[in-house]
Amino acid sequence: MSGHKVVLGGVAVAALLAAGTALAVDPPKMGRPAPADLVKLMDISIPPDGTGLPEGQATAKQGQTVFMERCAACHGERGEGKTNDRLAGGKGTLTEEVTVKTVGSYWPWATTLFDYIRRAMPYNTPLSLKDEEVYGTVAYVLFLNGIVGENDPINAQTLPKVQMPNRDGFINAWKEPAVATR
Amino acid sequence: MTRRMKGEPHPLEGAEPAAANGLLHRRMFLRGGALFTGATALGGLASIVPASAATLPEWRTTPGRPFIGYGYPSAFEEPVKRLVTARAADYPTPGTGSSRTPLHLLEGIITPSGLHFERSHSGVPDIDPTRHQLVIHGLVRQPLIFDLDALARYPTVSRIHFIECAGNSGGGWGLNPPAGAVATMHGLLSCSDWAGVPLSYLLDEAGIDPKAKWILAEGGDAAGMSRSVPLSKCLDDAMVALYQNGERIRPEQGYPMRLLLPGWEGNMNVKWLSRIKLTEGPTHTKDETSKYSELMPDGKAMQFTFPMEVKSTITRPCETLNMRGPGYYEITGFAWSGNGKIKRVDVSADGGKTWAEAALADPVVTKALTRFRLGWQWDGRESILQSRAVDDTGAVQPTRESLVAEKGVKNAYHYNGITSWEVRESGLVKNVWA
């Protein structure tokens with residue numbers, strides 16, 4: 001896969017090029033093999049199909065406690081928003097004069113909620129929630145939006161199947177360049 | 001410099017109007033600068049030079065301070081700093097948000113590193129470079145780790161590129177124009193000389209699985225900020241940037257390494273880069289779904305609108321940099337496009353009725369800020385100043401009216417409409433929708 005060549009500068013090279021001979025070298029290979037345990041520790045991103053979701057589960061009812069203790073101070077007890085983002089409500093407002101973008105009214109994928117809460121929340125102690133606590137918090141935010149029931153178990157199997165209300169509200173605007181860039 | 005020969009007419013006297021309301025031909029910049037009569041150019045200075053300068057200033061008669069290891073601006077330049085939003089002392093998430101580059105107080109095209117705008121989601125981490133590494137994994141033959149020592153061995157590329165937050169000029173979508181200097185509305189924009197390693201070298205070394213079409217790039221900050229990027233961009237002009245304006249990247253900009261995706265949404269230029277995962281499709285992170293997606297009037301959101309569109313703004317004069325009476329002024333500003341080079345900038349002094357082509361200052365670099373200038377003989381009457389950029393794809397910066405007609409007002413991102421500065425008879429300059 002050494003698709004790139006580095007052309008060396010200088011008079012000698014110019015002479016060679018003039019003679020129709022391209023002088024090129026491969027870039028060095030300085031990467032070290034990444035240990036599997038390091039990759040596992042760092043690989044926390046969760047795509048829409050749920051690949052990488054951990055074991056464990058929780059319901060909204062179980063998650064409510066965590067939410068009240070760790071999230072409500074900034075987002076409000078019912079996800080109504082305080083100093084930080086509103087998380088619930090606003091359904092059907094995307095075309096209204098006053099638009100309220102929340103998890104329920106706007107987010108297309110439920111897996112994003114797990115990914116983001118686990119990696120970045122709570123603000124002062126990211127990565128401190130246990131997997132069950134993340135599932136519970138996700139469940140509670142979905143419950144506040146009327147997307148799941150209070151006692152629905154949220155886990156690696158159920159979360160990717162959650163149908164978000166605005167799932168079809170996004171248009172992929174990215175067009176791959178017609179000509180390969182190399 | 002072109003010297004004026006005896007008997008040759010004065011450039012300003014003979015300056016050719018290039019559009020209505022006093023705009024002068026860009027020729028005066030192209031041939032090495034205008035020459036002025038003392039009366040015209042120094043008229044404004046006369047008031048601050050004492051009529052009778054009987055004493056020399058003390059710095060002429062006393063030695064200055066000795067050498068220092070790292071220099072800083074003159075104390076008199078203290079007002080030249082980033083615009084930081086004031087917040088309550090007990091604000092719970094002080095590391096979320098942004099600070100803005102004071103565009104109106106800068107010249108040239110390079111943003112001093114300490115004035116580069118900031119946007120972060122969980123503060124600025126204090127990273128020990130000896131303990132930082134970049135992991136590349138996912139759809140690769142061999143997952144790899146790169147530390148700074150390893151990256152130093154690769155061929156280095158250095159290029160001048162702007163970074164613009166996708167939310168820059170977001171006030172443009174509002175009903176009323178934001179008050180304040182150009183930086184208030186447009187200050188999430190900076191331009192640096194970046195140096196680092198082409199990302200393609202590192203991806204090739206790991207061995208790209210043909211199934212891979214995207215990457216996920218993740219920061220090592222407390223937010224683990226992450227974005228999906230098409231692999232084609234990574235193999236094109238993407239860079240793992242290590243240096244900014246000749247020195248190591250500033251902590252606010254991603255020390256010790258950031259992803260640089262020339263011309264694309266600032267948010268995607270992941271700072272404190274620590275992980276790249278090759279994937280089949282986008283990961284749909286929080287910042288590419290709930291944020292940085294463009295909500296259209298029909299309620300649908302355009303997602304993955306990566307390049308920042310052609311745009312310009314006049315930085316002088318602007319609101320807060322008011323006029324001081326009729327006479328000659330230089331109109332100057334920045335133009336840029338995430339899709340290529342700036343080809344042309346036009347300036348209007350009558351709200352877009354007539355336009356004059358501005359002079360572009362060298363260098364004009366692809367996906368970099370481009371400095372434009374034009375002379376203006378202001379007659380003291382109310383005027384509306386505008387600039388309009390065209391890039392080398394032929395894209396023309398739209399008026400606010402046409403942009404809003406196309407995209408509505410709920411977008412919040414990618415605003416690139418024409419900026420209008422209303423110059424009042426009093427000399428006051430105001431941001432207006434025109």
Counting other C-beta atoms within 10 Å, which of B:Tyr243, B:Tyr413 has the fewest, and how do the rest follow?
B:Tyr243, B:Tyr413
Regarding segment A:36-161, what's the average projected area of the Cα-atom convex hull, expressed in nm²?
7.8
Mean-square fluctuation check for chain A, GNM, Cα pairs under 10 Å: which of A:Glu55, A:Glu69, A:Glu97 is largest?
A:Glu97
Phi angles of segment B:169-182, converted by Karplus (6.51 cos²θ - 1.76 cosθ + 1.60, θ = phi - 60°) into ³J(HN,Hα) in whole Hz with x for Gly and Pro, give 6, x, x, x, 7, x, 5, 10, x, x, 7, x, 5, 4
Of B:Ser228, B:Ser120, B:Ser402, the one that fluctuates the most in a GNM where chain B has Cα springs shorter than 10 Å:
B:Ser402
Averaged over all directions, how much area does the convex hull of the C-alpha atoms of segment B:299-434 cover when projected, in nm²?
8.5
If you place +1 on the Cβ of every Lys and Arg and -1 on the Cβ of every Asp and Glu, how big does the dipole about the Cα centre of segment A:36-161 come out, in debye to the nearest 20?
160
Starting from the exponent 0.38 and prefactor 2.2 Å, build the expected Rg for chain B from its residue count and divide its actual Cα Rg by it.
1.08
Expressed in angstrom and rounded, the centroid-to-centroid distance over alpha carbons for segment A:120-182 and segment B:105-167 is 28
Among all the aspartates and glutamates, which ones have a C-alpha under 13 Å from B:Lys343's C-alpha, if same-chain residues fewer than 8 places away are not counted?
B:Glu357, B:Asp362, B:Asp391, B:Asp392
Under a Cβ-only charge scheme (Lys and Arg +1, Asp and Glu -1), can you give me the dipole magnitude of the protein assembly as shown about the Cα centre, in debye to the nearest 20?
980
Considering amide H positions built from the backbone, and no H for Pro or chain starts, which residues 5 or more places from B:Ile215, or on another chain, come under 5 Å of its amide H?
B:Val229, B:Leu231, B:Thr279
For B:Gly254, which sequence-distant residues (separation of 5 or more, or a different chain) have an amide H within less than 5 Å of its own amide H, given hydrogens modelled in the peptide plane?
B:Trp272
Counting every Cα pair in segment B:129-301, what percent are over 25 Å apart?
35
Just rank B:Arg87, B:Arg82, fewest to most, by other beta-carbon atoms within 10 angstrom.
B:Arg87, B:Arg82
Taking each residue in B:296-306, count the Cβ atoms of any other chain within 10 Å of its Cβ, then average. What number comes out?
5
Computed [θ] at 222 nm, helices only, for the protein assembly as shown once each DSSP H run of length n ≥ 4 contributes -39500 (n - 2.57)
-4000 deg cm²/dmol
Across 5 Å bins from 0, what is the distribution of all Cα-Cα pair distances for segment B:134-173, in whole percents?
5, 15, 12, 13, 14, 14, 11, 9, 6, 1
Farthest toward positive dipole pole in the protein assembly as shown [+1 Lys/Arg, -1 Asp/Glu at C-beta], among B:Gln133, A:Val25, B:Ile249
A:Val25
Cα gyration tensor category, rounded, prolate or oblate, for segment B:323-377 with a/c compared to 1.5
prolate
Can you give the mean number of other chain Cβ atoms that lie within 10 Å of the Cβ atoms in peptide A:167-175?
6
10 Å Cβ neighbours from other chains, averaged over peptide B:279-285
6
Could you tell me the relative contact order of chain B? Use alpha-carbon pairs under 8 Å, at least six residues apart, and round to a whole percent.
18
Most positive-pole-ward Cα, B:Asn431, B:Pro143, A:Tyr116, against dipole of the protein assembly as shown from beta carbon charges:
B:Asn431
Neighbouring Cβ atoms within 10 Å as the yardstick, rank B:Ile342, A:Ile147, A:Ile154, B:Ile110 fewest first.
B:Ile110, A:Ile147, B:Ile342, A:Ile154
Sequence-distant or interchain residues sharing an amide H contact under 5 Å with B:Arg344, placed H: which?
B:Val390
Listed by chain and number, the lysines with an alpha carbon less than 29 angstrom from that of B:Lys81, same-chain partners under 8 positions apart left out, are B:Lys271, B:Lys291, B:Lys311, B:Lys341, B:Lys367, B:Lys430
To the nearest 10 degrees, how steep is helix A:131-144 against the longest Cα principal axis of chain A, on a 0 to 90 scale?
60
Specify the angular offset, from 0 to 90 degrees and rounded to the nearest 10, of the alpha carbon long axis of helix A:111-120 from the longest principal axis of the alpha carbons in chain A.
80
Out of B:Thr366, B:Thr354, B:Thr399, a Gaussian network model of chain B with alpha-carbon springs under 10 Å gives the largest mean-square fluctuation to B:Thr354
So what is the relative contact order for segment A:36-161, in percent, with contacts set as C-alpha pairs under 8 Å and at least six apart?
37
For segment B:363-373, take each phi angle, set θ = phi - 60°, evaluate the Karplus expression 6.51 cos²θ - 1.76 cosθ + 1.60, and give the result in whole Hz per residue in order, putting x for glycine and proline.
x, 9, 10, 4, 6, 10, 5, 10, 8, 10, 9
Tell me the Rg and the Dmax, in Å, that the Cα atoms of the protein assembly as shown produce.
27.1, 92
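Read the figures in this text as sums done on the coordinates, not as results from a lab. Everything numeric here is computed off the predicted structure, so don't read it as measured data. Neighbour counts are summed over all protein chains in view; Cβ atoms, including those assigned to glycine, are modelled from backbone coordinates with ideal geometry.
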